[in-house]
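The values are calculated or read from the model by the stated rules, or taken from the named source; none is laboratory data. All figures in this text were calculated on a predicted structure; none of them were measured in a lab. No Cβ is skipped: glycine too gets one built from the backbone with ideal geometry, and neighbour counts run over all protein chains shown. Please note that ligands, DNA and RNA were not included when accessible areas were found on the heavy atoms of the full protein model with its side chains. Shrake-Rupley method; radii C 1.70, N 1.55, O 1.52, S 1.80 Å.
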Amino acid sequence: MSNKTKKTAKKPICLSFFSGAMGLDLGLEKAGLEVRLASEIDPAARSTIRTNRPALPLIGDIRDYDASLVRRIAGLDSNETIDLVTGGPPCQAFSTAGKRLGFEDARGNVFLKFIELILGLAPKYVVIENVRGILSAPLKHRPHAYRGEGQQRLSDDELPGRALLKVLTMLRAGGYACSFNLYNAANFGVPQIRERVVIVCSRDGIRPPFLEPTNAPDGYCLPPWRTLRDVISTLPPFPCDYVKFPEKRLRFYRLLAPGQYWKDLPESLHKEALGASYASGGGKTGFLRRVAWDKPAPTLVTHPAMPATDLAHPTEERPLSVQEYKRVQQFHDDWLISGTIIEQYRQIGNAVPCGLGEAIGRLVIKLLNGKKVIE
């Protein structure tokens, strides 16, 4: 093959849905795919996509589109092959921190519309990313007050895992073989402990293999996990955009070293430091938490200064900044995030880390090229 042919070789085509700030898409592109279309309804995230990719076709609520219209907007002929359709449907319906209404939630119904759209587009491969809560989410939610002794037994649709079963059943009925797993992004070069479910589906009827890890916690046989220090220590001091901690919390942070949290305060201060939360259950590991330098960051949340999910800088008297958030999620420094500072935190915190996206892309490229995957 000539150099000219190599340069003009066609990249596999990907259509992206629920694109957010495009963390997953940037990883897929780094692996060698071409994103031909994005989809997003959040105004700030749409602005982020428009700012960074003004020529990329961008659609809104997927309930307003069918497969033929999506193809036309993406510039694809009716018979042109789509190599990959990917997306992370809204996860709040399945989050263990929410009400977990599953497919009774309007966002859950969007999930089902996404599956219908996938089947209409008929790509070679499908990748769906979601929170771990989808593994145990029911298809219908029954409040805990109406469960247990003296109550009707749970119906099949109310059993744990039925939401995921519904999704897989629809995809398999459409001719796709599916595999899914819970992955820690730190095992794919991301400087962050972040667990996400990734479903990979293949139109050829062969169950896809799992993602290939590139890093390990102890560095045995693979490079060790990347740390917070690896990615934020080289940031210039300015700009540094962040929300502020209230003074009543800062006085406790001044007593904590990198990697410490409220339990590392003098015991006499525990009750005062936690206030009304002191008597609540659970480990409360997110309270007054300084991030460690030489470990991956904890899961980035959508607001780093909420009392129960603090993400304080290892040594400075502030939360992690927007610029540090971007480094941890592996966005390039020049990738502009639109909106208010809270909207910027939310978009970055909700994103798929670019490194996990790249690992997904490498798997898809290998499958498209018929190469062996080592699980």
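If you scale each eigenvalue of the Cα gyration tensor by 5 and take the root, what three semi-axes come out for the range 320-375, rounded to whole angstrom and sorted largest first? Show your work: numbers first, answer last.
Working: eigenvalues 190, 19, 16 Å².
Taking √(5λ) for each eigenvalue gives 31, 10, 9 Å, largest first.
Over the range 261-302, what number does the Rg to Rh ratio reach, with both radii from the alpha-carbon atoms and Rh per Kirkwood?
Details: Rg = 11.7 Å, Rh = 11.6 Å.
Answer for the range 261-302: 1.01.
With a 1.4 Å probe and every protein chain kept in, tell me what percent of the accessible surface of the chain is carbon plus sulfur. Working shown, then result.
On the way: 9360 of 17960 Å².
Taking all protein chains in place, the chain shows 52 percent carbon and sulfur surface.
As an exercise, take the mean of 1/r over every pair of distinct alpha carbons in the range 272-375, invert it, and state the Kirkwood radius in angstroms.
Details: mean 1/r = 0.0626 Å⁻¹.
It works out to 16.0 Å.
Using only DSSP helix segments of four residues or longer, with each worth -39500 (n - 2.57), what per-residue ellipticity at 222 nm results for the chain after dividing by its residue count and rounding to 500?
Values: 12 runs with 108 residues, N = 375.
Calculated mean residue ellipticity at 222 nm is -8000 deg cm²/dmol.
May I ask for the Rg/Rh ratio of the range 175-332, computed from Cα atoms with Rh as the Kirkwood radius, given to two decimals? Kindly include the intermediate steps, with their values, before the conclusion.
Working: Rg = 18.7 Å, Rh = 17.5 Å.
Taking Rg over the Kirkwood Rh, I get 1.07.
So how do 123-133, 164-174 stack up, highest first, on mean other-Cβ count within 10 Å? All intermediate terms of the calculation are to be shown ahead of the outcome.
On the way: 123-133: 22.1, 164-174: 16.8.
The peptides rank, most packed first, as 123-133, 164-174.
Counting other Cβ atoms within 10 Å of each Cβ, which GluC sites (Glu not before Pro) in the range 15-90 have at most 13 and sit in a DSSP loop? If you can, show how the numbers build up before the last one.
Values: sites: Glu29, Glu34, Glu40, Glu80; in loops: Glu40, Glu80.
Loop-located and lightly packed - Glu80.
Would you work out the charge dipole size for the chain about its Cα centre, treating the Cβ of every Lys and Arg as +1 and the Cβ of every Asp and Glu as -1, and quote it to the nearest 20 debye? Don't skip to the answer; put the middle values down first.
On the way: 51 positive and 39 negative charges, 73 e Å.
Roughly 340 debye for the chain.
Compute the relative contact order of the chain as a whole-number percentage, counting only Cα pairs closer than 8 Å that sit 6 or more residues apart in sequence.
On the way: 737 pairs, mean separation 71.4, N = 375.
Relative contact order comes out at 19 percent.
Express the accessible area of the chain per residue in Å², computed with a 1.4 Å probe while the remaining protein chains stay in the model.
Dividing the accessible area of the chain by its residue count gives 48 Å².
Testing the spin-label approximation: label points 7 Å from Cα along Cα→Cβ at Ser155 and Glu212. State their distance in nm.
Here the answer is 4.6 nm between the modelled labels.
Evaluate 2.2 N^0.38 Å with N set to the residue count of the range 1-91, then give the Cα radius of gyration divided by it.
The reported ratio for this selection is 1.14.
Here are some pairs, Lys30/Lys372; Lys11/Lys372; Lys248/Lys295; Lys263/Lys326; Lys113/Lys166; Lys140/Lys284; which of them have Cα atoms lying more than 18 Å apart in this structure? Each step should come with its number before you reach the end.
Details: Lys30/Lys372 20 Å; Lys11/Lys372 20 Å; Lys248/Lys295 27 Å; Lys263/Lys326 29 Å; Lys113/Lys166 12 Å; Lys140/Lys284 30 Å.
Over 18 Å apart, Cα to Cα: Lys30/Lys372; Lys11/Lys372; Lys248/Lys295; Lys263/Lys326; Lys140/Lys284.
Taking Cα pairs under 8 Å and at least six residues apart, what relative contact order does the range 268-331 come out at, in percent?
Here the relative contact order equals 26 percent.
Between Lys11 and Asp77, with labels modelled 7 Å along Cα→Cβ, what's the label distance in nm to one decimal, could you check?
Distance between label points: 2.2 nm.
Short version: ³J(HN,Hα) in whole Hz for each residue of the range 359-375, in order, from phi by Karplus 6.51 cos²θ - 1.76 cosθ + 1.60 (θ = phi - 60°), x for Gly and Pro, what are they?
4, 5, x, 4, 4, 4, 4, 4, 5, 4, 8, x, 8, 6, 10, 8, 8
I'd like the per residue volume of the convex hull spanned by the Cα atoms of the chain, given in cubic angstrom.
Numbers: hull volume 64.9 nm³, N = 375.
Looking at the chain, the number lands at 173 Å³ per residue.
Towards the positive end of the charge dipole of the chain, with charges on Cβ (+1 Lys, Arg; -1 Asp, Glu), say which of Pro246, Gln344, Val231 has the farthest Cα.
The one lying farthest along the dipole's positive direction is Val231.
What distance in nm separates the two pseudo spin-label positions at Arg50 and Ser233, each 7 Å out from Cα along the beta-carbon direction?
In this crude label model, Arg50 to Ser233 measures out at 4.1 nm.
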